[in-house]
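For reference, the structure is listed below as structure tokens.
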Amino acid sequence: MTTFETRSLHRCFDGIQGYYQHSSAVIGLPMRFSVYQPPQAAQQRVPVVFFLAGLTCTEETFMIKAGAQRYAAELGLMLVTMDTSPRQTGIPGETDTWDFGAGAGFYLDATQTPWSKYYRMESYITQELRQIIVEQFPADPNRIGIFGHSMGGHGALILALRYPELFRSVSAFAPICAPMRCPWGQKAFRNYLGEDRQQWRQYDATALIEDGCRLPDLFIDQGSDDQFLVEQLYPEALEKTCREADQKLTLRFHSGYDHGYFFISTFMGEHLKYHQERLG
């Protein structure tokens, strides 16, 4: 059983907000994660929703900025989030830019050296971190959902599509819907996965649906004043593919909202209610 260090615990809406660190066998380095346990978790196992954060974020960002604990306490949901990449790997150039390397793991398993040695966020979340949560916290292993923001929205979509047996619900805020088409995704995929665009398809939500992956439904919120909407996010590509593939999708545009956590916190309650209804 994986051991972890408790960095801090905080009382929050009658539940417990915790921050943790452990030596990851999958990553090969220390990794940090955070868990909010709602008050119901003191008596029984509860449903869990994993949140995947965006570029430059850490395991703290969502828990501090999203205002999610109030809703999670009311709905009886455990919240789990993690750092967005390995840290201090010693790989040259890891911290040269904000949109690649440290803080930008893209929730995939890199295949190209030197990144493939440490950048294995897909396996970390679906195997190691999931195991820690279901074995060492009062989490129901059969009721797990996933959601995220921006790069993390991309991560939530692809992991739900690739592992439907693990995640029973999925939603996203302003996700990178077609990373093969945008500068962020192309930069990450070229460095992490190489030049073979067929390999890229397995980490692109739009391409996965084109290639036959399906889910019961998808729920996405997008701000119309998002500064990254046109160049990076491509929700219209995902919407078109879902329509052609008969994949159920609820895509809502919100006038005046941008890409940040003010937008996320505004609609957080609706997302957690969505997950609670599907996880039971």
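The values are calculated or read from the model by the stated rules, or taken from the named source; none is laboratory data. Everything numeric here is computed off the predicted structure, so don't read it as measured data. Neighbour counts run over all protein chains shown; Cβ positions are idealised from the backbone, glycine included. Calculation scope for accessible area: heavy atoms of the full protein, side chains included, ligands and nucleic acids excluded. Shrake-Rupley method; radii C 1.70, N 1.55, O 1.52, S 1.80 Å.
Taking springs between alpha-carbon atoms closer than 10 angstrom, which of V134, V170, V49 fluctuates most in the Gaussian network model of the chain?
Highest fluctuation of the listed residues: V134.
Based on Cβ point charges of +1 for Lys and Arg and -1 for Asp and Glu, what charge dipole magnitude is obtained for the chain about its Cα centre, in debye rounded to the nearest 20? Present the calculation step by step, with values, prior to reporting the outcome.
Values: 25 positive and 32 negative charges, 94 e Å.
That gives the chain a dipole magnitude of about 460 debye.
Expected output is a single nm value to one decimal: the length gained when fully extending between S8 and A245, i.e. 0.36 nm times separation in residues minus the C-alpha distance. What is it? Spell out each step's value before the answer.
Details: separation 237, 0.36 × 237 = 85.32 nm, distance 4.59 nm.
Additional length available on full extension: 80.7 nm.
Please say if segment 169-273 is rounded, prolate or oblate, where rounded means a/c under 1.5 for a ≥ b ≥ c the square roots of the C-alpha gyration tensor eigenvalues, and otherwise the choice is prolate for a/b larger than b/c and oblate otherwise?
On the way: a/c = 2.06, a/b = 1.33, b/c = 1.55.
Judged from the Cα gyration tensor, segment 169-273 comes out oblate (a/c at least 1.5, b/c at or above a/b).
Mean separation of Cα pairs under 8 Å and 6+ residues apart, divided by the residue count of the chain: what relative contact order is that in percent? Please report the intermediate quantities before stating the final value.
On the way: 611 pairs, mean separation 48.0, N = 280.
Result for the chain is 17 percent.
Of P141, M180, T266, which is farthest along the charge dipole of the chain in the positive direction, counting Lys and Arg as +1 and Asp and Glu as -1 at C-beta?
Projecting each Cα onto the dipole axis, the largest value belongs to P141.
Find which of Q17, A68, P164 sits farthest along the positive direction of the dipole of the chain, computed with +1 on the beta-carbon of Lys and Arg, -1 on that of Asp and Glu, about the Cα centre.
Q17
Taking a temperature of 20 °C and a viscosity of 1.002 mPa s, what whole-number D in µm²/s does Stokes-Einstein yield for the chain with Rh from Kirkwood over alpha carbon pairs?
On the way: Rh = 18.6 Å.
The Stokes-Einstein estimate is 115 µm²/s.
Tally Lys and Arg at +1 and Asp and Glu at -1 over the other residues with C-beta under 14 Å from the C-beta of P175: what net charge comes out?
On the way: positive: R181, R252; negative: D204, D221, D226, E236, E239.
Overall, the nearby charge balance is -3.
Taking only protein heavy atoms and a 1.4 Å probe, what accessible area per residue, in Å², does segment 1-133 have with all protein chains in place? Mind showing how you got there, number by number?
Values: 5430 Å² over 133 residues.
Each residue of segment 1-133 exposes 41 Å² on average to a 1.4 Å probe.
Report the local net charge at Q202: Lys and Arg +1, Asp and Glu -1, summed over other residues whose C-beta lies under 14 Å from its C-beta. Can you show the working numbers first?
Values: positive: R162, R197, R201; negative: D109, E122, D196, D204, E210, D211.
Net of charged neighbours comes to -3.
Could you list the GluC sites (Glu not before Pro) in segment 106-211 that lie in coil according to DSSP, counting only those with at most 15 other Cβ atoms within 10 Å of their Cβ? Display every interim value, and only then the final one.
Working: sites: E122, E128, E135, E165, E195, E210; in loops: E165, E195.
When the GluC sites (Glu not before Pro) of segment 106-211 are filtered for loop state and at most 15 Cβ neighbours within 10 Å, E165, E195 remain.
In terms of the Cα gyration tensor, with a ≥ b ≥ c the square roots of its eigenvalues, is segment 1-116 rounded because a/c is under 1.5, prolate because a/b exceeds b/c, or oblate? Mind dumping the intermediate values first?
Values: a/c = 2.50, a/b = 1.95, b/c = 1.28.
The shape class here is prolate.
What three numbers, in Å, describe the spread of the alpha carbons of segment 85-216 along their principal axes, ordered from the longest?
40, 35, 23
If you count the DSSP beta bridges with both ends in the chain, what percent of them are antiparallel, to the nearest 5? If you can, show how the numbers build up before the last one.
Working: 21 of 45 bridges.
Antiparallel bridges make up about 45 percent of those DSSP assigns within the chain.
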